[in-house]
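Contents: one structure, followed by commentary.
The values are calculated or read from the model by the stated rules, or taken from the named source; none is laboratory data. Not measured: the values here are computed from a predicted model. Cβ: placed from backbone, ideal geometry, glycine included. Neighbour counts: every protein chain shown.
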Amino acid sequence: MLKIKKLNNKSFTLVELLIVTAISGAIGAAILGVFSAGVNVYKKVRVYENGRLNTFLAMEKMERDLHNTFLFNAIPFLGGKNSISFFGLVGGSCGRISYAFDSSQGYIIKTQIPYPGVSEMAKLSDVMPAGNLSFSYCYYDSVNKNYLWKESWQDAVNLPFAVKISIQSKSDDNKEEFTRTVIIQP
């Protein structure tokens with residue numbers, strides 16, 4: 001009798017290979033989608049956090065400069081809604097410190113000019129990105145015996161009691177506003 005030997009084929013059929021390829025492709029596409037979404041979220045958070053960091057740094061610089069101001073007749077303390085100018089420490093000497101908001105460029109511009117005769121230092125500038133900048137000034141109303149706020153300061157004889165700084169972060173997606181009140185010690 002003739003024996004027919006059965007071949008033991010342990011391979012995959014074409015249909016099985018196509019099903020595995022389709023499932024692997026679907027899983028790979030899902031993983032790629034999740035990874036891509038994660039990278040996009042990371043980029044947005046990074047831009048958002050950089051905007052917040054720039055805003056906090058600008059706020060810290062202004063607060064430090066305002067804490068170091070004092071009354072000086074030759075350079076009066078002057079303030080408007082979007083700009084402020086006062087006498088303070090410039091480098092290792094004294095001079096005029098000014099902050100102004102350039103709405104066309106979206107930057108806070110800090111200018112430091114040394115007082116004549118104190119130093120031969122050149123004019124220094126610093127630029128900080130922001131969406132908006134505003135100041136308000138606190139004073140004591142002796143008639144009503146109350147503290148009040150106003151949007152400008154033109155009194156060359158006195159310093160305001162406090163300055164409120166409001167900076168809007170420069171971000172396209174989320175415009176956050178940060179406010180800080182700086183008390184000026186007379």
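Reported count of residues in the range 55-89, each being more than 20 Å from S169 (Cα to Cα), in contact with a Phe, Trp or Tyr (Cβ under 6 Å, 6 or more places away or on another chain) and either buried (at least 20 other Cβ atoms within 10 Å of the Cβ) or at pLDDT 90 or above (or both), is 5. Residues S152, S93, S119: which one is of a type in the set (S, T, Y) and at pLDDT 85 or above? Checking each option against the conditions leaves just S152. For the subset of the range 92-111 comprising residues that are among the hydroxyl-bearing types (S, T, Y), under 18 Å from S166 (Cα atoms) and touching a strand residue (DSSP E or B) at 6+ places or on another chain (Cβ under 7 Å), which member is surrounded by the fewest Cβ atoms within 10 Å (Cβ to Cβ)? Step by step, filter the range 92-111, then rank; the result is S98. Among residues of the range 155-173 being out of contact with any Gly (no Cβ under 8 Å at 6 or more places or on another chain) and part of a loop (DSSP other than H, G, I, E, B), the one that is modelled with the lowest pLDDT is D172.
Go through the range 137-176 and give me each residue that's among the small types (G, A, S), under 26 Å from the mean Cα position of the chain (by Cα) and farther than 18 Å from S103 by Cβ. Matches in the range 137-176: A162 only.
Search the range 79-91 for residues that are closer than 19 Å to V157 by Cα and pair each with any residue that is of a type in the set (K, R) when their beta-carbon atoms are under 7 Å apart and the residues are at least 6 apart or on different chains. Close Cβ pairs satisfying both conditions: S85/R96; F87/R96.
Considering the range 17-76, and only residues there that are among the polar types (S, T, N, Q) and either farther than 29 Å from Y99 by Cα or not in a helix (DSSP H, G or I) (or both), the residue that is nearest to the chain's Cα centre (by Cα) turns out to be N40.
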